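Chemist: Quick one: structure below, then a few questions.
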Amino acid sequence: DKNSNTLYENSVKRKEESPNVVHLTHLTTPESIYHLRLGFAYLASKPYSSVWYLWLLWPVTLWFMVLTKIYRRTFVVERNRFDQIRLQTWAIPTYRVQYCLKRQKESINNMIEEAVLEAEEKGASGEELNRYGEVYVKKHPQLKVKLVDGSSLAVAVLLNSIPKGTTQVLLRGNLTKVAFAVTFALCQKGIQVIVLREDEYEKLDKSFGTKSEDNLVISKSYSSCKVWLVGDDLTEEEHRKATEGTLFIPFSQFPPKKLRKDCFYHTTPAMQTPMALENVDSCENWLPRRVMSVWRIAGILHALEGWEEHECGYTMCNIDKVWEACLKHGFQPL
């Protein structure tokens, strides 16, 4: 088509589109680069899973790993539109294992801070972070961009993922902001939360500030509970002790390994997106098509509702308000 060249020239001359919402993510494994839209469209269109033939590309994968060490800036991996809201996903060139290394902490924080300031410069009105993000607000109190970690929506989704009629829930995993909040909410609803370690019990009980009304208990028994809320620190030994038919509901951003064929596994906190969300042609990590993590949805809600407060550090939005706003805009529970 003779018009193709003209169309291309006109498109590259246009002014760069400024996002309303920026979602910050990062690579998980070295092979995850191929599952982004920058990699193979075929892999990006399916939930993330390890495929054997990517081992043949290890020389290229190693080159990418070296490149991520040199290129220490975020890059755009996806652009979407929802009503009048322009959405962008930016990837930080780091891998999951690096977040566990203390020597990488300063470097990663610097990259996130640069991304926040770049989003501010481009006029973004919502910024979703994978960490609590309070340090950036304190360091830059003049920020107009709102930092949103999505914890309140994660708690709302978890509460609505627990089967009706449940009276006991076992909590196991690293105690995060979401873990504290969902435990408190369950105890307030009269649902008993069982923990296995004394130090976890003390931290949770102390954080409540009020009596847990005997709904927070410590126990060594694995057999009495059929619903488990699990985080990143779930060990294989503990996993094996669950009774047949146990439902594992992750409260972390990474799902547990499916070690048991006789048990059920819920997805990480996520929701079905409305059809009005445009340009959704790839999967978000291991989630199915048109399913989005709550940490990503939370930033969109902030922009749609025009909320002016940050949700970072240990600040939480009203859980019921966030849940109702989510349903109002067409997001549906799985």
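Chemist: In the stretch 258-282, which residue that is under 17 Å from the mean Cα position of the chain (by Cα), assigned to a loop (DSSP other than H, G, I, E, B) and not polar (S, T, N, Q) is surrounded by the fewest Cβ atoms within 10 Å (Cβ to Cβ)?
Modeler: It comes out as His266.
Chemist: Just to be sure before I move on: is Met292 part of a strand (DSSP E or B) and either touching a residue at least 60 places away in the same chain (Cβ under 8 Å) or open to solvent by less than 40 Å² (accessible area, probe 1.4 Å) (or both) in the structure I sent?
Modeler: Working: part of a strand (DSSP E or B): yes; either touching a residue at least 60 places away in the same chain (Cβ under 8 Å) or open to solvent by less than 40 Å² (accessible area, probe 1.4 Å) (or both): yes.
It is true that Met292 is part of a strand (DSSP E or B) and either touching a residue at least 60 places away in the same chain (Cβ under 8 Å) or open to solvent by less than 40 Å² (accessible area, probe 1.4 Å) (or both).
Chemist: Another one. Identify the residue in the stretch 81-112 that is part of a helix (DSSP H, G or I) and of a type in the set (Ser, Thr, Tyr) and, among all such residues, is modelled with the highest pLDDT.
Modeler: Ser107
Chemist: Would you say Ser219 is small (Gly, Ala, Ser) and more than 24 Å from Asn318 (Cα to Cα)?
Modeler: Spelling it out, Ser219 is indeed small (Gly, Ala, Ser) and more than 24 Å from Asn318 (Cα to Cα).
Chemist: Also: Report whether or not Trp58 is modelled with pLDDT of 80 or more and surrounded by 15 or more Cβ atoms within 10 Å (Cβ to Cβ).
Modeler: Answer is no for this residue.
Chemist: Then there's this: Are any of the residues in the stretch 16-35 in contact with a Cys (Cβ under 9 Å, 6 or more places away or on another chain) and either closer than 22 Å to Arg290 by Cβ or open to solvent by less than 60 Å² (accessible area, probe 1.4 Å) (or both)?
Modeler: yes
The values are calculated or read from the model by the stated rules, or taken from the named source; none is laboratory data. Since we're looking at a predicted model, the values are computed, not measured. Here Cβ is always computed from backbone atoms with ideal geometry, including for glycine, and neighbour counts include all displayed protein chains. Note: areas computed on protein heavy atoms with side chains; ligands, DNA, RNA excluded. Shrake-Rupley method; radii C 1.70, N 1.55, O 1.52, S 1.80 Å.
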